[in-house]
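Values quoted throughout were computed directly from the atomic coordinates according to the rules given, and no laboratory measurement underlies them. Bear in mind the structure is a predicted one, so any value in this text is a computation, not a measurement. Cβ placement follows ideal geometry from the backbone for every residue including glycine, while neighbour counts extend to all protein chains displayed.
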Amino acid sequence: MEGYGYAKCIEISKRARWDIDKDVIRGREFDLSQKFLPDGLSKVDELDFLGGEERKFLSQIQGRTYANMFGFVERFIVAKILEITRGHWLGDQIALEALVRFCDEELKHQELFRRIEPMLAVGMPEGYRFLHQPDAVAAAVLQKCTWAVLALILEIELFTQEHYRQSIEPDESLSPLFKDIFLFHMKEETTHALMDELEWPLEDKKLTSKERDRGVDELIELVAAVDGILQAQSKADVDYFLKVRSPQLGKVEIDRIRDGVLKAYRWQYIFSGAEHPRFRTALGSLITEAQGKRINNALGLIR
Ligand SMILES: [Fe+2]
Ligand SMILES: [Fe+2]
């Protein structure tokens, strides 16, 4: 977004600043009689053969994974943003402060998501599993070049805001605590996307066209790796759903649930970011038409 520099990010960050206990949790617990993830993200409304209680439980499972996924991606986001602060250590101290705030906020978000996992576990039946270790995945992501990792980070920062505004905020039937977590989270995410939009072109300027072309390949590899994670986690989440609820479903319905949850996760973590107009604008200003086609083809294989 034009006109939003690092100084503006600091100003917004100071205004948005919140505390986990005082502002977000406020001594509350999750009410399992309410939905967590809205239909716009969970897509459970498309599984019309499920009863209301079953759909609600599936939205709660997806909501738990949603919170875990954020705690998990924020591990590599902080590591990468801390690394790029190096470029400002001895230069623009306003940029340095803005990026340090970015990291401080993401560390707090990780703490928030760590705190709510046991709160969700208390109310939900045993057997839920979040499969991936944040450090192991972060180490693999950080093997890729900074250009590709910044692209992935921008997608995430943008869809975080989009999900809240488009789907979470308008849904009146959600758990108020779940809703507040993502309201406050979103408030501190707005500056992150702005800073990604500043840093990604700076990184881009350092690259030769050959290095950028490699960056495009590595971005495609990262998206494929994200999809691998989504396939495994959606399977684990549906297995848990079927084990706990064991509704008398036939193979056709079970397959529809498996496809529906995977489709929802791909929407949540890949397409709502990759198709975001701001992501498309930022990407389009850095790559060639042929590179854009390569990315679109790779996305087409996932759909
Ligand atoms: Fe965050
Ligand atoms: Fe963020």
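Annotation: extensible slack from R280 through M124 equals 52.3 nm (criterion: 0.36 nm per residue apart, minus Cα-Cα distance). With coordinates expressed along the principal axes, the C-alpha atoms belonging to the stretch 26-81 extend over 44, 30, 13 Å, beginning with the largest.
Evaluating kT/(6 pi eta Rh) at 10 °C and 1.306 mPa s, with the Kirkwood radius of the stretch 144-268 over Cα pairs in the Stokes-Einstein relation, gives 92 µm² s⁻¹.
Computed over the alpha-carbon pairs of the chain, the distance histogram in 20 Å steps reads 33, 57, 10, 0 percent, short to long.
Under the simplified labelling scheme, the E289-K205 pair shows an inter-label distance of 2.8 nm, with each label point 7 Å from Cα along Cα→Cβ. Between 0 and 90 degrees, the angle of helix 251-266 with respect to the longest Cα principal axis of the chain falls at about 30 degrees.
Among 262-273, 109-120, 133-144, 29-40, sorting by the average number of other beta carbon atoms lying within 10 angstrom of each residue, highest first, gives 262-273, 29-40, 109-120, 133-144. Where does the Debye-calculated log10 I(q)/I(0) of the stretch 47-143 sit at q = 0.10, 0.14, 0.15 Å⁻¹, using only Cα point scatterers of equal weight, no solvent? Those come out to -0.40, -0.66, -0.71, one per q. For L242 and E117, the FRET efficiency from 1/(1 + (r/R0)^6), where r spans their Cβ atoms and R0 equals 30 Å, is about 0.85.
Run a plain Debye calculation on the stretch 60-214 (Cα atoms as equal point scatterers, no solvent) and give log10 I(q)/I(0) at q = 0.14 Å⁻¹, rounded to two decimals, same order as the q list. Result of the Debye calculation: -0.75.
Give the whole-number value, in cubic angstrom per residue, of the convex hull volume spanned by the C-alpha atoms of the stretch 216-293. Please list the in-between numbers first.
Working: hull volume 7.6 nm³, N = 78.
In the stretch 216-293, the Cα hull volume divided by residue count equals 97 Å³.
Going from the residue with the fewest nearby Cβ atoms within 10 Å to the one with the most, R129, R55 rank R129, R55. The alpha carbons of the stretch 54-106 give a radius of gyration and a Dmax of 16.6, 56 Å, in that order. Counted by Cβ distance under 10 Å from L286, the other residues give a net charge of 0, where Lys and Arg count +1 and Asp and Glu count -1. Over the stretch 1-46, with a single point scatterer placed on each C-alpha, what log10 of the ratio I(q)/I(0) does the Debye formula yield at q = 0.16, 0.18, 0.32 1/Å? Log-scaled intensity ratios, in q order: -0.77, -0.80, -1.09. Stretching L142 away from I20 to a fully extended chain increases their span by 41.1 nm, per 0.36 nm per residue minus the current alpha-carbon distance. Using 28 Å as the Cα-Cα cut-off, could you pick out the over-long pairs in K56/K235; K8/K43; K35/K243; K108/K206; K8/K80? Pairs exceeding the cut-off: K8/K43; K108/K206.
Note on the stretch 207-303: with charges restricted to the Cβ of Lys and Arg (+1) and Asp and Glu (-1), its dipole about the Cα centre is near 220 debye.
Would you be so kind as to identify which of L177, M124, L99 lies farthest towards the positive end of the dipole of the stretch 85-205, taking Lys and Arg as +1 and Asp and Glu as -1 on Cβ and the Cα centre as origin? After comparing all options, I get M124. Positive end of the dipole of the stretch 199-303 (Cβ unit charges, origin at the Cα centre): among S234, F279, A298, the Cα lying farthest that way belongs to S234. Considering only W89, S33, G5, the residue lying farthest towards the positive end of the dipole of the stretch 1-95 is W89, judged by Cα position with unit charges set on Cβ. Compared with the dominant principal axis of the Cα atoms in the chain, helix 176-187 is inclined by about 10°. Quotient of the Cα radius of gyration of the stretch 97-186 and 2.2 N^0.38 Å, N being its number of residues: 1.28. Each Lys and Arg Cβ is given +1 and each Asp and Glu Cβ -1; about its Cα centre, the stretch 4-117 then shows a dipole of about 320 debye.
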